[in-house]
Amino acid sequence: MNISSVNNFVDGKFSDSSSNKLDVWSPINGKKISEVNLSNADELDKIVSSAQNAFKSWSQIVLKDRAKIFYKFRDLLQKNIDDLAVAIREENGKTIVEARAEVMNGIELAEFASSMPQIINDEIQVVSKGVECRSSHYPLGVVGSITPFNFPIMVPLWTILNSIVLGNTMILKPSEKTPLGATLIAKLLTEAGLPNGVFNIINGDKNIVEAMCNHKSIKALTFVGSTKVAKIVYRSATASLKRCISLGGAKNHLILLPDAHKDMAANDIINSMSGCAGQRCMAASAMVAVGDTQSIIEKICEKALTVIPGKNLGAVISKESKSRIEKYISDAEKAGAKVLVDGRGVIVEGKEDGYYVGPTVIDYAKPDMAIAKEEVFGPVLVIIRTNDIDEAIAIENSSNYGNASSVYTQNGNLSDYVTKRVSAGMVGVNIGVPVPKEPFSFGGWNDSRFGAGDITGKSSIYFWTKLKKRTTKWNPEAKKDWMT
């Protein structure tokens, strides 16, 4: 694909910026693929104004008619899946299989948005003789979303679709590292029949993030990124009296019990660790091995060696990320951990300037090591050993994060014991990436999420709308009661 310059999308048209531009590089080969606008606050004001004007008419359209547009959009995602996958691979570095899977997840999100008329209904009840109460969902107005580099199609669709189908107008700020996906989303939404001004894109860096947090006319804001930035965004957005859900990082713990199915556990754990080059907040990055699990760990290492950079393992996002990940590995080794499978120094033939880190398995780590506590965001699995299941749970619960946790066992009682006690918002049994599907919602606990509610699924309905409660009395002959 060829998008030589990534522009803002305002009132149904792509608009060049008068501000500076930033080069966009492909992680696959280190080559420049585009350049993106770095917009300013004045440009944000113009986009907000356009979105406000569009809201007046869009919010008055019947929900069922709004939903029809997203069914068309769903079909367009399916029709264009190959082109979308190529764009994701080019700007993010994923394998083409992973990129297609990301679009498939986007299709599921569009299906959920299309079904909103069957999900959201007014709640009505006769509460007294001749008296009826009704609650109805109303859109907020102009809302915003700030998204990361690791899922340039799927994560924007987490927020775009539900917020808009519920009657809001949206301003998206995609990652400046991966801005191409947002451009393609805008084109397909337009083709699906979305009116001008309902969906808008502003490109930029942290200055635009700050401007969106502080803008009084943006009524709600979502953010997905590192915990450090998620805290800043949440504090800033709520200080300007807007709703905010701000999703941060993760250090997801898998608890491996001796009775786990060896082949299934090994395959699943390595797929979780290495999928999307480990650049996802649901990746398995720490494993607490309880008791005699040596044979399973050996199988995990065997499986790791089948993951080949440039073939079934994609690139990490930047040269800086590659260096940072490799430093984590080296520091862990210096601190006494044992590197069982080493992914440092990888060069892919024909892509010598690409940013690749091979699959890495590190054993005998201590819970207080940096690699065991901090989010590495690469294809690295660190193993902590213990002989006690309660100690394993305590290690998981000592993490500041709380996105996901899984247990590997064939014992139903033990799985129930672990999943009820780990401090994580999304838990799994024999599942390395326990992401709930719609209508269930996505969201972690602790330092992995700031704000009330979740960002997808049914839970998101209450974030993107406000409730109006109406009480009606039609019976003047009714005796006096609490309503009179």
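The values are calculated or read from the model by the stated rules, or taken from the named source; none is laboratory data. Small disclaimer: the values here were computed from a predicted structure and weren't measured. Cβ coordinates were reconstructed from backbone atoms using ideal geometry, including for glycine residues, and neighbour counts include every protein chain displayed.
Within the range 1-17, being part of a loop (DSSP other than H, G, I, E, B), under 19 Å from Ser50 (Cβ atoms) and without any contact (Cβ under 8 Å) to a residue 24 or more places away in the chain holds for one residue alone: Asp16.
Exactly one condition in (1) of a type in the set (D, E, K, R); (2) surrounded by fewer than 24 Cβ atoms within 10 Å (Cβ to Cβ); (3) within 30 Å of Ser321 (Cβ to Cβ) is false for Asp263; which is it? Exception for Asp263: condition (3). Looking only at residues of the range 381-413 that are among the small types (Gly, Ala, Ser) and in a helix (DSSP H, G or I), we find that the one that is nearest to Asp447 (Cα to Cα) is Ala394. Of the residues in the range 253-266, none is among the hydrophobic types (A, V, I, L, M, F, W, C), touching an Asp or Glu at 6+ places or on another chain (Cβ under 6 Å), at pLDDT 95 or above and within 25 Å of Pro309 (Cβ to Cβ). Pairs linking a residue in the range 84-108 that is among the aliphatic types (A, V, I, L, M) to a residue that is outside any helix (DSSP H, G or I) and at pLDDT below 95, with Cβ atoms under 9 Å and 6 or more positions apart or on different chains, are Val86/Met1; Ala87/Met1; Ala87/Ile3. When Ile371 is tested against (1) closer than 27 Å to Glu320 by Cα; (2) outside any helix (DSSP H, G or I), only condition (2) is not met.
Does Cys281 fit the bill of being closer than 22 Å to Ser460 by Cβ and in a loop (DSSP other than H, G, I, E, B)?
On the way: closer than 22 Å to Ser460 by Cβ: yes; in a loop (DSSP other than H, G, I, E, B): yes.
When the stated conditions are applied, Cys281 passes them.
Considering the range 123-240, the qualifying strands (runs of 3 or more DSSP E), each wholly inside and each with 3 or more residues that are of a type in the set (A, V, I, L, M, F, W, C) and within 30 Å of Lys72 (Cα to Cα), run over 142-146, 169-173, 218-224.
Cβ-Cβ contacts under 9 Å between residues 6 or more apart (or on different chains), taken from a first residue in the range 342-357 that is assigned by TED's automatic domain parsing to the domain that holds Val307 and under 30 Å from Ile383 (Cβ atoms) to a second residue that is among the hydroxyl-bearing types (Ser, Thr, Tyr) and in a loop (DSSP other than H, G, I, E, B), are listed as Gly343/Tyr356; Val346/Tyr356; Ile347/Tyr356; Val348/Tyr356; Gly354/Ser26; Tyr355/Ser318. Taken over the range 406-458, the criterion of being over 22 Å from Gly275 (Cα atoms) and charged (D, E, K, R) is satisfied by Asp416, Lys420, Arg421, Asp447, Arg449, Asp454, Lys458.
Residue by residue through the range 241-259, note down the ones that are hydrophobic (A, V, I, L, M, F, W, C), part of a loop (DSSP other than H, G, I, E, B) and more than 18 Å from the chain's Cα centre (by Cα). Write out each step before concluding.
At the first step, the residues of the range 241-259 found to be hydrophobic (A, V, I, L, M, F, W, C) are 241, 244-245, 247, 250, 254-257.
Next cut, part of a loop (DSSP other than H, G, I, E, B) only: 241, 250, 257.
Within the range 241-259, Leu241, Leu257 meet the criteria.
A quick yes/no check of all residues on (1) among the acidic types (Asp, Glu); (2) crowded, with 16+ Cβ neighbours inside 10 Å; (3) at pLDDT 95 or above:
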position	(1), (2), (3)
Met426	no, yes, yes
Pro439	no, no, no
Phe442	no, yes, no
Asn446	no, yes, yes
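Of the set (1) under 14 Å from the mean Cα position of the chain (by Cα); (2) under 21 Å from Ile47 (Cα atoms), all apply to Leu109 but (2).
Sub-9 Å Cβ pairs linking a first residue in the range 223-245 that is without any contact (Cβ under 8 Å) to a residue 40 or more places away in the chain and over 17 Å from Tyr401 (Cβ atoms) to a second residue that is of a type in the set (D, E, K, R) and part of a loop (DSSP other than H, G, I, E, B), at least 6 apart or interchain, are Ser240/Lys216; Leu241/Lys216; Lys242/Lys216, ordered by first then second residue.
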